[in-house]
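Q: Right, I'll just put the structure down here and ask away after.
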Protein chains: 2
Amino acid sequence: MQKAHPLQLRSVFRFELQVTCPETGARAGVLHTAHGDVPTPVFMPVGTQATVKGILARDLLNDLDAKIILGNTYHLYLRPGHETIRKLGGLHRFMAWPRAVLTDSGGFQVFSLDSLRKVTEEGVLFRSHLNGDSHMFTPESTLDVQMALGSDIMMVLDECLAYPASHEAARASTERTLRWARAAYAHYRSRANGSQACFPIVQGSMYADLRRHCTEQLLELDADGYAIGGLSVGEPRALSLEMTETVAPLLPASRPRYVMGVGMPDELPEYVARGIDMMDCVLPSRNARNGYLFTRSGRVIVKQAQYKDDPRPVDETCNCYTCKNFSRAYLRHLFLASEISYATLATLHNLRVYLDIMGEIRQAILVGRFPAYLRSRRAASVTE
Amino acid sequence: MQKAHPLQLRSVFRFELQVTCPETGARAGVLHTAHGDVPTPVFMPVGTQATVKGILARDLLNDLDAKIILGNTYHLYLRPGHETIRKLGGLHRFMAWPRAVLTDSGGFQVFSLDSLRKVTEEGVLFRSHLNGDSHMFTPESTLDVQMALGSDIMMVLDECLAYPASHEAARASTERTLRWARAAYAHYRSRANGSQACFPIVQGSMYADLRRHCTEQLLELDADGYAIGGLSVGEPRALSLEMTETVAPLLPASRPRYVMGVGMPDELPEYVARGIDMMDCVLPSRNARNGYLFTRSGRVIVKQAQYKDDPRPVDETCNCYTCKNFSRAYLRHLFLASEISYATLATLHNLRVYLDIMGEIRQAILVGRFPAYLRSRRAASVTE
């Protein structure tokens, strides 16, 4: 490489809580990472395979001003392989992304493979979806992979149950997740290099008692931050929010809280209102590619004939490159013609909507107007 | 649209010849168009369906500093339709491209359809590759389509023969092309708005006598510029150059000369050495998407295992975004993972190689060193 990004570690991981909304418990803060500061609450674009699908690293920087993105350990482990990425200077340099990266543990992907995996006490045995080869993820090994990747925030291996699950199955699974978290954290403490944080994940399916139990046990790890996993697995939305309401108040105020895999734009303020600081979801980018564009006043299904001659931008209130330069008619044309640039323009827009919403939420919290903001968003989403 | 590009017509079309190489006949000049000046010799990236595949309009502006691109009348006529584009402010505004556009006549695509078309004296009847609907292109109608698109340079309808063709078939076809060109130019003169230029196309298969005859006849039109078509249809490369050598000296020095559909990087100086000012080809963008990257010292077939851990950029001498930020290993990974951003990065690079070569050629002509440049390129391509 001719020109490398500055990869010096600027500071160890630290969460700074700035403002807590007295009415809702919504928080504004800053994640200080080795690759820059991340104002929270934050939505993390998903960069599964060392790229956010459809856009470039410079688009994430210049168009979206994203401060942190998510990488998928499962995918990077299989291809190109974490040792290859380590050799090439780590994930940040590999993908020319100088800011923060959070990597998941690979657990969620492995548990999505269904017939291709087998859970044991040691970890989870699975077959690659690429070529059928057998692989094993243990609490220790997935952290080793993430250390090779060099992410700023690593996640511990957890077991993700499908919904619904019996209380008995959920209890057994939660206990395994706890044992794995303890093993992972012991490994993390023994290897910690001061620049990578590590979050355990609260499981417990949709059972409040298991969620509380899991949370209390994980608190003993005095972790850098805590995630709530096992949501967005097909349960009713009210239940996901209920589980969040059960867990969040038990978590220490001084640590960031991350709800994994949510959500639709109108869910973002709801999770923030329940004390959540971090979220991620493939929805904005995946929906973009599938022709589903988000706006402040509803969705635009871009292939619809009503947009054939529509000279308006996707969202007249949006300042993204797409909305400032192109019509719905043009995007519809590119979509129907299967043009690659459609995916780029659509992804730039949808991610901008998510990041703008999070920016508004943070600003509302900082100036003490979050409850009013939340009410207005709820009213708007009812009428849409 | 919230923000439109300035679409005021700045000037009528005019070609300014700056320098002619006394040894080779290579020319440097400027095409003055209603959408800006185009220094020549120029390579025009192909934007088939109102987008250069894989990249954005701003990439063409900011990364490549392209001054002119090509649009395909056949594709835009069928989808989204020229009337839709006219309604939306013309092709420039539709695709947010403020600089010059050349549109072909649609003839080349129609003649590539083979079984789907029928040539008559009036024009060519064909079936849409999208839905099988019947359509007719006449010399007049394809110009009307291009007027609706609002391109800066329009091409007249010509008949493209497959290679090889008998002299008799080629003669008949050349005569038809001539009749069509006269009809088209009469139509153009009656509708000319002062901002759109129109080029007829020299045909004649690989027969020098027919090429000469066709050229002499077309000169009577006193056209804005002249194209040489019917090359790159499968003939040996020496024959394409020979036909160019036959035609170019007959064309008026005061008019731009455009060879359609060429070529490989090492062909660019060869055509310039034969007095050609304009070229276009899908090779750089199509090869990019297929994993074939051009460098100054040969090709990089990106999927090859030799690049698995290769930290070097595609071309260490290249200043494109791709080469300044990403390794061959990263591009290989994105290619194997079928990531959209691979196509973008690869296209940015390959087009940059082409535009840089043309920039070097122009500079060499301006400073009187083109013969030396040509010799060095020929020597390099022999050893590659």
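Q: Under 4.7 Å Cβ to Cβ, no partner at all: give me those cysteines from chain A, in residue order.
A: So, A:Cys21, A:Cys160, A:Cys198, A:Cys214, A:Cys281, A:Cys320.
Q: Calculate the radius of gyration of the Cα atoms of chain B to one decimal place, then report Dmax, the largest Cα-Cα distance, as a whole number, both in Å.
A: Taking only Cα atoms of chain B, I get Rg and Dmax of 20.5, 62 Å.
Q: Still on this structure, please answer the following. Going 7 Å from Cα along the Cα-Cβ axis for the label, what nanometre distances separate A:Glu16 from the same residue across the other copies?
A: Nearest to farthest, the other copies are at 5.5 nm.
Q: If you take every DSSP beta bridge whose two residues both sit in chain B, what share of them, in percent to the nearest 5, is antiparallel?
A: Looking only at bridges with both residues in chain B, the antiparallel portion is about 50 percent.
Q: For chain B, set up a Gaussian network in which alpha carbons nearer than 10 Å are linked by springs, and say which option among B:Val202, B:Val367, B:Val302 fluctuates the most.
A: Between B:Val202, B:Val367, B:Val302, it is B:Val367 that shows the largest mean-square fluctuation.
Q: Give the calculated FRET efficiency between A:Ser128 and A:Arg86 to the nearest 0.05, with a Förster radius of 30 Å applied to their Cβ-Cβ distance.
A: On the way: r = 20 Å, r/R0 = 0.65.
Given R0 = 30 Å and the Cβ-Cβ separation, E is 0.95.
Q: Using a 10 Å cut-off around each Cβ of peptide B:317-325, what is the average number of partner chain Cβ atoms that fall inside?
A: Details: counts 1, 1, 1, 0, 4, 2, 3, 4, 12.
Mean number of neighbouring Cβ atoms from other chains: 3.
Q: Here's something else I'd like to know. Between B:Glu168 and B:Glu216, how many nm apart are label points set 7 Å from Cα along the C-beta direction?
A: In this crude spin-label approximation the distance works out to 2.4 nm.
Q: Still on this structure: Ordered shortest first, which distances in nm separate the 7 Å Cα→C-beta label point of A:Ser134 from those of the other copies?
A: Shortest to longest, the spacings are 6.5 nm.
Q: Could I ask something else about it? For region A:204-326, report the translational diffusion coefficient in µm²/s to the nearest whole number, using Stokes-Einstein at 20 °C, 1.002 mPa s, and a Kirkwood Rh over Cα pairs.
A: For the chosen part, D equals 129 µm²/s.
Q: Rounded to the nearest 20 debye, what is the charge dipole size of region A:244-338 about its Cα centre when +1 sits on each Lys and Arg Cβ and -1 on each Asp and Glu Cβ? Mind dumping the intermediate values first?
A: Details: 13 positive and 10 negative charges, 74 e Å.
The dipole of region A:244-338 has a size of about 360 debye.
Q: Provide a whole-number value for the mean count of partner chain Cβ atoms within 10 Å of the Cβ atoms in peptide A:54-61.
A: On the way: counts 5, 3, 11, 5, 3, 3, 0, 0.
For this peptide, the per-residue mean of nearby foreign Cβ atoms is 4.
Q: Through the Karplus equation 6.51 cos²θ - 1.76 cosθ + 1.60, θ set to phi - 60°, convert the phi angles of region A:62-78 into ³J(HN,Hα) values in whole Hz; use x for Gly and Pro.
A: Each residue of region A:62-78 in turn: 7, 7, 9, 6, 5, 9, 8, 10, 10, x, 9, 4, 4, 5, 6, 5, 6 Hz.
Q: Per residue of B:327-338, what is the mean number of Cβ atoms on other protein chains within 10 angstrom of that residue's Cβ?
A: On the way: counts 6, 0, 7, 11, 0, 2, 12, 5, 0, 4, 11, 1.
If you average over the peptide's residues, the count of other-chain Cβ atoms is 5.
Q: A follow-up question, please. Can I get the semi-axes of region A:198-254's equivalent ellipsoid? Compute them from the C-alpha gyration tensor as square roots of 5 times the eigenvalues, in angstrom, largest first. Kindly include the intermediate steps, with their values, before the conclusion.
A: Working: eigenvalues 74, 23, 20 Å².
Ellipsoid semi-axes (Å, largest first): 19, 11, 10.
Q: Suppose we keep just the DSSP beta bridges with both residues in the protein assembly as shown; what percent of those would be antiparallel, to 5? Could you put the intermediate results ahead of the total?
A: On the way: 44 of 85 bridges.
Bridges in the protein assembly as shown are about 50 percent antiparallel.
Q: Something else now. Give the share of C-alpha pairs in each 10 angstrom bin for region A:99-249, from 0 to the last occupied bin, in whole percents, shortest bins first.
A: Histogramming region A:99-249 at 10 Å steps yields 11, 42, 36, 11, 0 percent.
Q: How many Lys pairs in chain B lie less than 24 angstrom apart by Cα atoms, where the lysines are 8 or more positions apart or on different chains?
A: Eligible lysine pairs with Cα atoms under 24 Å apart amount to 10.
Q: Another question, then. If you count, for each residue, the other Cβ atoms within 10 Å and average over each peptide, how do A:98-108, B:177-187 line up from highest to lowest? Intermediate values should be presented prior to the final figure.
A: Values: A:98-108: 25.4, B:177-187: 21.4.
Going by the mean number of other Cβ atoms within 10 Å, highest first, we get A:98-108, B:177-187.
Q: On to the next question. HN-Hα J couplings of region A:122-128 from phi, Karplus 6.51/-1.76/1.60, θ = phi - 60°, integer Hz, Gly and Pro as x?
A: These are the phi-based 3J(HN,Hα) values: 6, x, 10, 8, 8, 10, 4 Hz.
Q: Let me ask something else about it. Just which residue of chain B brings its Cβ nearest the axis of rotation onto chain A, and by how many angstrom, rounded whole?
A: Closest to the axis: B:Ile340, 3.
Q: Moving on to the next point. Charges at C-beta only: +1 for Lys and Arg, -1 for Asp and Glu. How large is the resulting dipole of the protein assembly as shown about its Cα centre, in Debye rounded to 20? Walk me through the intermediate numbers first.
A: Details: 86 positive and 80 negative charges, 126 e Å.
Taking the Cα centre of the protein assembly as shown as origin, the dipole is about 600 debye.
Q: Nearest 500 deg cm²/dmol is fine: what mean residue ellipticity at 222 nm does chain B get from its DSSP H runs of n ≥ 4 alone, each adding -39,500 (n - 2.57), divided by its residue count? Don't jump to the answer; show the numbers that get you there.
A: Details: 14 runs with 149 residues, N = 384.
Computed ellipticity for chain B at 222 nm equals -11500 deg cm²/dmol.
Q: Separate question: So what is the diffusion coefficient of region A:244-384 in µm² per second by Stokes-Einstein at 4 °C and 1.567 mPa s, using a Kirkwood Rh over Cα pairs? Display every interim value, and only then the final one.
A: On the way: Rh = 16.2 Å.
Rounded to a whole number, D works out at 80 µm²/s.
Q: What are the nm distances, shortest first, from A:Gly194 to its equivalents in the other copies, labels at 7 Å along Cα→Cβ?
A: Label-point distances to the other copies, shortest first: 7.2 nm.
Q: Can you compute 3J(HN,Hα) from phi for each residue in region A:100-110, using the Karplus curve 6.51 cos²θ - 1.76 cosθ + 1.60 with θ = phi - 60°, rounded to whole Hz and x for Gly and Pro?
A: The phi angles translate into 5, 10, 10, 10, 7, 8, x, x, 4, 5, 4 Hz.
Throughout, read-outs are computed from the coordinates displayed, never taken from laboratory work. Treat the numbers as computed from the prediction; the structure is a model and nothing was measured. All Cβ positions, even for glycine, are placed from backbone atoms using ideal geometry, and neighbour counts span all protein chains on display.
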